[in-house]
Amino acid sequence: MKYSKATNYALHTMVHLTMEPKGQAVSVDQLAYMQDLSPTYLSKILTKLVKAGLIESVPGAKGGYSISRRAQDISFLDVIEAVEGQSVLFNCAFDHDESECIIERVMFEAEGNMKKELAGRTIQSIAEQIEKKHGHETKKEK
């Protein structure tokens, strides 16, 4: 299984925005520069995050993007599904009743376990780990 590069960039962007002071917007150019991406490409990813309600676009000269919810309430799964969608990862290729495909049941269970793990990992927890490791300051949210 492999996630797209867009998911990688989205997760990094979310963690970076979490580490910004509360209410401070970061421009798409700054976010793109930090990840060595084109602003146009990153804008497409940011649009998906905005549509999912994870970040907000702030207009104006000092505008940009900022977290729209508490980072402790945003899971890795939220970000992944905003970028990748919510489709299942495995579908049985054979034409028989779904309940008969043991392979599909195993894969479905594994996918459920993975989603549970990703849903339990928050953007805030990762930002805090980075803060401890590198001495950065994260937004303090209550």
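Counting only helices (runs of 4 or more DSSP H) that fall entirely inside segment 57-136 and contain at least 3 residues that are among the basic types (Lys, Arg) and either open to solvent by 50 Å² or more (accessible area, probe 1.4 Å) or within 24 Å of residue 46 (Cα to Cα) (or both), the qualifying elements are 102-119. Against the criterion of being in a loop (DSSP other than H, G, I, E, B), open to solvent by 60 Å² or more (accessible area, probe 1.4 Å) and at negative phi, residue 33 does not qualify. Do we have any residue at all in segment 86-103 that's within 24 Å of residue 54 (Cβ to Cβ), in contact with a helix residue (DSSP H, G or I) (Cβ under 7 Å, 6 or more places away or on another chain) and without any contact (Cβ under 8 Å) to a residue 60 or more places away in the chain? Within segment 86-103, one or more residues are within 24 Å of residue 54 (Cβ to Cβ), in contact with a helix residue (DSSP H, G or I) (Cβ under 7 Å, 6 or more places away or on another chain) and without any contact (Cβ under 8 Å) to a residue 60 or more places away in the chain. Entry remark, segment 36-50: residues being in a helix (DSSP H, G or I) and small (Gly, Ala, Ser) number 1 in total.
On the basis of being part of a loop (DSSP other than H, G, I, E, B) and under 18 Å from residue 21 (Cβ atoms), does residue 53 make the cut? For residue 53, the condition - part of a loop (DSSP other than H, G, I, E, B) and under 18 Å from residue 21 (Cβ atoms) - is not met.
In segment 1-24, what residues are more than 18 Å from residue 52 (Cβ to Cβ), in contact (Cβ under 8 Å) with a residue 12 or more places away in the chain and part of a loop (DSSP other than H, G, I, E, B)? Residues satisfying the conditions are 1, 20, 21, 22, 23, 24. Do we have residue 9 as within 17 Å of the chain's Cα centre (by Cα), at pLDDT 95 or above and either buried (at least 17 other Cβ atoms within 10 Å of the Cβ) or among the β-branched types (Val, Ile, Thr) (or both) here? Yes. Residues that are touching a Leu at 6+ places or on another chain (Cβ under 6 Å), without any contact (Cβ under 8 Å) to a residue 12 or more places away in the chain and not small (Gly, Ala, Ser) within segment 25-60 are absent altogether.
The values are calculated or read from the model by the stated rules, or taken from the named source; none is laboratory data. This is a predicted model, so every value here is computed, not measured. Every residue, glycine among them, receives a Cβ derived from its backbone with ideal geometry; neighbour counts consider all protein chains shown. Each accessible area value is taken on the protein alone, full model and side chains, heavy atoms only, with ligands, DNA and RNA left out. Shrake-Rupley method; radii C 1.70, N 1.55, O 1.52, S 1.80 Å.
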